[in-house]
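Worksheet: one structure, shown below.
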Amino acid sequence: MPGFQSFNCRSGKSNPTLYHSDSLASLDRCLTSSVEAHESGALKDNQTRIQLLQTILSHAMAKKEVIAKNYCEESSLDLVRFEVEFERCLEQISHFIQSLLHSEPSIDLLSDRRIEKRSIAMGPVAVFGASNFPLAYATLGGDVMGALAAGCPVIVKGHPYHPGTSLLCAEVIHDAASALHLPQGVFGHVLDDGFSLAESLVSDPRIKAVGFTGSFKGGMALFRLAQQREEPIPFFAEMGSLNPVIIHPSVSGLEKHVKNLALAVANEAGQYCTKPGLVFCPEEIWDEALGMFSTFLKGIEPHPMLHPAIHSNYVGHLARLKKLANVSYEAEILPDHFGQKAFLSLNIEEFVANPTFSEEVFGPFCIWVRYTSEESLQGAYKKLKGQLTTTFLGAEDSLSPQWRNQLENHCGRLVFNGVPTGVKIVKSMHHGGPFPSTTDPRFSAVGMDSMKRFQRNIAVQNTL
Ligand code: NAP
């Protein structure tokens, strides 16, 4: 039976382990166990879920070293980044534990009745993670832990470019569930290097909700499948975004801002969903700002991309853009799968005339757009689709209420005088935004809101 291997873009070689796609029959067994686990009420009790999450924490710590090795080999991200992402996962799990410890039902005592409203699990949940966060948007990530905290059995389709990391994290969850004598079906994991298992999983009537993180193309293909089912289900996709940055004439400390911007664009080859991909700059500081950006970008060390498919998508995108406009990039010789840092500059009229410039380019690239009036800037911004973030570099009080309203209406997080990268796991964080950045802007895979996505309310009424 042919198998597949992950790839190390740093060394330019395939990793040695051969993995095999699971069969439809094994997916079917997984779905059956998942339903049995749900119907048995194994995760109904808050205390059990707290214990499960605590046990996952300790098992993850015990396997940290071997997970780190696989993570680095399969993603070409380094150990420093691994530590950050691993900590982020542990932190998020701890937040769920705290939230479960403090959850209370709502109760009303009326003259003739008592009504109690509780949140209950939706049922088995399918999760698909993205390749740029092999832990935090994957098997140990917010979707999976949020669904388990909500009391739902989960089936993960592991990312085919980090199968080893995904299987090790799956082992952590399996072992934690076994240690607590929970049914095997509380967690399932399948691998596939094609789309057929993903499509079967989303279409299967036994799945009651889906969490997806990844590209717009992949997210929408599966979202449509979920909506076409006889019983449509909630499908929470978090997809790509341009993350526009507006440099305002009132900006102070331009050099520091532009330096941070260059780092946010090209650090780790710009492979973040919050990477700033579009910068609006006023003409009066255009030459100065763009000159500094180009210099700072040059100083950032080139980085391997996550996997060959993401690299070839990036190369293809740049080639298409080069036919439309003047793309600036360093003529440096890079190892095969490294991301070539690049940017493109346009006038605002050229930008609005061609929708291709408003597509996410995943990699160390951004578009600079020169504006001549606030009116033209507002017109161009209004035409943008929904974004995860918008960044404003300038004096907050220079925004009129209407202009600020427009900024807020288009994004899930409005950043003043900072960069959009670096999502923190805190209560106040919201990581989502209007379509197409997500299919449901009310919730997010980051923080406690991810748990709410997989629960529904039930009211129980007693006559007094
Ligand atoms: P991806 O190619 O869309 O892959 C994500 C998962 O979906 C993989 O398991 C993939 O399987 C599966 N998939 C993709 N297309 C599919 C289809 N048509 N049918 C069935 N399954 C499909 O995404 P990625 O390249 O790993 O990640 C990069 C993207 O994720 C970027 O666009 C980035 O902005 C976005 N992202 C968003 C967030 C956020 O929070 N909004 C966070 C991280 C990343 P295969 O690999 O087999 O295709």
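The values are calculated or read from the model by the stated rules, or taken from the named source; none is laboratory data. Treat the numbers as computed from the prediction; the structure is a model and nothing was measured. Note that each Cβ is placed from the backbone with ideal geometry, even for glycine, and that neighbours are counted across all protein chains shown. For the accessible areas, the whole protein counts, side chains as well, though only heavy atoms, and no ligand, DNA or RNA atoms are used. Shrake-Rupley method; radii C 1.70, N 1.55, O 1.52, S 1.80 Å.
Pairs meeting the criteria (first residue in the stretch 216-232 and without any contact (Cβ under 8 Å) to a residue 60 or more places away in the chain, second residue among the polar types (S, T, N, Q), beta carbons under 7 Å, at least 6 apart or on different chains) are L225/S203; R229/S203.
Out of the residues in the stretch 153-167 that are near the ligand (Cβ under 9 Å from one of its atoms) and over 19 Å from A177 (Cβ atoms), state the one that is nearest to the chain's Cα centre (by Cα).
Residue satisfying both the conditions and the ranking: H159.
Taking E350, is it in contact (Cβ under 8 Å) with a residue 12 or more places away in the chain and open to solvent by 50 Å² or more (accessible area, probe 1.4 Å)? Criteria met by E350. Annotation: V265 fulfils all but one of (1) within 16 Å of the ligand (Cβ to nearest atom); (2) in the same structural domain as C152 (by TED's automatic domain parsing); (3) not aromatic (F, W, Y); the unmet one is (2). Looking at the structure I just gave you, is G240 at pLDDT below 95 and in contact with a Cys (Cβ under 8 Å, 6 or more places away or on another chain)? Yes; evaluated as a whole, the condition is true for this residue.
Name the one entry in S131, S76, S99, S119 that is touching a His at 6+ places or on another chain (Cβ under 7 Å) and among the polar types (S, T, N, Q).
Details: S76 fails: touching a His at 6+ places or on another chain (Cβ under 7 Å); S99 fails: touching a His at 6+ places or on another chain (Cβ under 7 Å); S119 fails: touching a His at 6+ places or on another chain (Cβ under 7 Å).
Criteria check complete, one pass: S131.
Among helices (runs of 4 or more DSSP H) entirely within the stretch 148-253, having at least 1 residues that are closer than 18 Å to A136 by Cα, open to solvent by 10 Å² or more (accessible area, probe 1.4 Å) and of a type in the set (A, V, I, L, M, F, W, C) singles out 163-179.
Of the residues in the stretch 260-278, at least one is modelled with pLDDT of 95 or more, part of a helix (DSSP H, G or I), open to solvent by less than 10 Å² (accessible area, probe 1.4 Å) and of a type outside the set (A, V, I, L, M). Within the stretch 109-134, restricting attention to residues that are under 15 Å from the mean Cα position of the chain (by Cα) and assigned to a strand (DSSP E or B), the residue that is nearest to K452 (Cα to Cα) is V127.
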